[in-house]
Amino acid sequence: MTDQRGVATLTERRVGAEAARLVLTLRADDDAVAEVHRHGAHVTSWRPAGDTESRLYLSPRSEFGGSAAIRGGVPVIFPQFAAEGPLPRHGFARTSLWSLGGRGRKADGTAEADFVLRDSAETRAIWDAAFKAVLSVAVVERRLAITLSVQNVGDAAFDFTAALHTYLRVHDVAEVEIHGLRGTRYRVSGDRALVVDDAHHLVVPDFLDRVYVGAPSRLELRERDRAMIIESEGFPDAVIWNPGRERAAALHDLEPGDESRFVCIEAAVVQTPVTLGAGRRWAGTQTLTAR
C-alpha cells in the first residue's frame, strides 16, 4: 500500500475491554468513513462522503467478540457458505480474530487497510487446510470496495466457498426493487434445483433466500429517494437474503421489526466451489456505490 499523506486519520480504538473488539476507522480525504472490527475483519459501518448515516445496517443487539458473529455490516463467509457442507455454518472467518496488515492512503485520498487471517491449530481442527486470507477495504467519495483473497500456502489443494454477506440499510424493505437479475438462474439456499428469474425486478415482500448462479456483475438496489450500485468481480454468484418477519423473530440479536430495515445482497462463490492448488491465489471484490 502507498501512503502519500500519512495515516493520521486512520485511528484504532477499543470498544470495551476485549482486544477482539479493536476497531479501525478509515477516513478518506473527502470524509467518507468506514469502520472495521478485527473480530471477523468485519466492516460494520460505511458513511459515504456527504451522507449523515451509515449505508450498512448494524443491529443494535449485535454481539461482539468471543464466538459470536456480528449481526449486520459485511460478515466474511469463508471457507463454507451457510450449512452447505460439513463445516460450521458460514465457516469460521466471521468469528475469528484477524490481524491488521498494511494501511495507508492513496494519492486520490482513498483510505485503505488490509486484515489477515492465517491457518492455525484452531482452524485446522475444523478445516485441514494451509491458507492465508486477506480482506482489503478501501473507501473514498461514495464508494466502498472490499476484496477477499485466499492463498494456498500448503502442499495440498483445497476447496472452499465464500461470500461477502452485505447488509444494506434501507428505509423499508417492502418498497425496494433489485434490478439486473432478470434471466438469471437461481435456487433456494440449501436446494439444488435451478429456475429462471423472469421478473422485471426483484421485490422482497417477506422471507427471501436465493442463490443466483452466474449472476450479472452489476446490480442496482432502488429506493424511493436513493439507490445503490452493487458490482462484483471474481465472485460468480449473488445471494439475496432477508429473514422475513417470522424467522427474524427467532433471531435473538435482531431488534423486533428490524428485518424491514435491510436486505442482504452478497457477492458469492457458492454453486461451484473454488479449487485452489498449492501456491495458487484466488480473489473476489464487491464494490458499493451510493447514489
TODO: Starting at the first residue of segment 275-291, write each ³J(HN,Hα) from the Karplus equation 6.51 cos²θ - 1.76 cosθ + 1.60 with θ = phi - 60°, in whole Hz, x for Gly and Pro.
DONE: 9, 10, x, 4, x, 8, 9, 10, 8, x, 10, 10, 10, 9, 10, 7, 10
TODO: For A107 and A283, compute 0.36 nm times the residue count separating them, minus their Cα-Cα distance, and round to one decimal in nm.
DONE: 61.0 nm
- [ ] Put one equal scatterer on each alpha carbon of segment 125-173, apply the Debye formula with no solvent term, and list log10 I(q)/I(0) at q = 0.17, 0.27, 0.31, 0.32 1/Å to two decimals.
- [x] -0.71, -1.14, -1.26, -1.28
Task: R0 of 25 Å, Cβ-Cβ distance E233-E63: FRET efficiency to nearest 0.05 - done: 0.20
Open item on the list: Between R89 and E246, what is the label-point separation in nm under the 7 Å Cα-to-beta-carbon projection?
Closed with: 1.7
TODO: Divide by every residue of the chain the summed helix terms, -39500 (n - 2.57) for each DSSP H run of at least 4, and state the resulting mean residue ellipticity at 222 nm, rounded to the nearest 500 deg cm²/dmol.
DONE: -1000 deg cm²/dmol
TODO: Only Lys, Arg, Asp and Glu count, each charged at its Cβ (+1, +1, -1, -1), so figure out the dipole size of the chain about its Cα centre, rounded to 20 debye.
DONE: 440
- [ ] With Cα Rg over 2.2 N^0.38 Å in mind, check (i) 0.96; (ii) 1.55; (iii) 1.03 and report the label derived from this structure.
- [x] (i)
TODO: Can you grab the distance from the C-alpha centre of segment 153-170 to the C-alpha centre of segment 64-116, Å, no decimals?
DONE: 9
TODO: Please report, in whole Å, how far the alpha carbons of segment 184-291 spread along each principal axis, starting with the longest.
DONE: 47, 32, 31
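List the GluC sites (Glu not before Pro) in segment 16-87 that DSSP assigns to loop (not H, G, I, E or B) and whose Cβ has at most 11 other Cβ atoms within 10 Å. Which are they?
Answer by residue number: E53.
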Task: Rg over Rh [alpha-carbon atoms, Kirkwood Rh] for segment 42-199 - done: 0.99
- [ ] Could you work out which residue, out of P216, P79, P256, moves most in a Gaussian network model of the chain, that is, has the largest mean-square fluctuation with Cα springs under 10 Å?
- [x] P256
TODO: Using label points projected 7 Å from each Cα along Cα→Cβ, tell me how many nm separate D225 and I126, to one decimal.
DONE: 4.1
Open item on the list: 7 Å from Cα along Cα→Cβ at both L194 and D172: what's the point-to-point distance in nm?
Closed with: 3.7
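Every number here is computed from the coordinates shown, using simple stated rules; none is lab data. The shown structure was predicted, so the numbers you read here are calculated from the model rather than taken from an experiment. Note: ideal-geometry Cβ built from the backbone for every residue, glycine included; neighbour counts use all protein chains shown.
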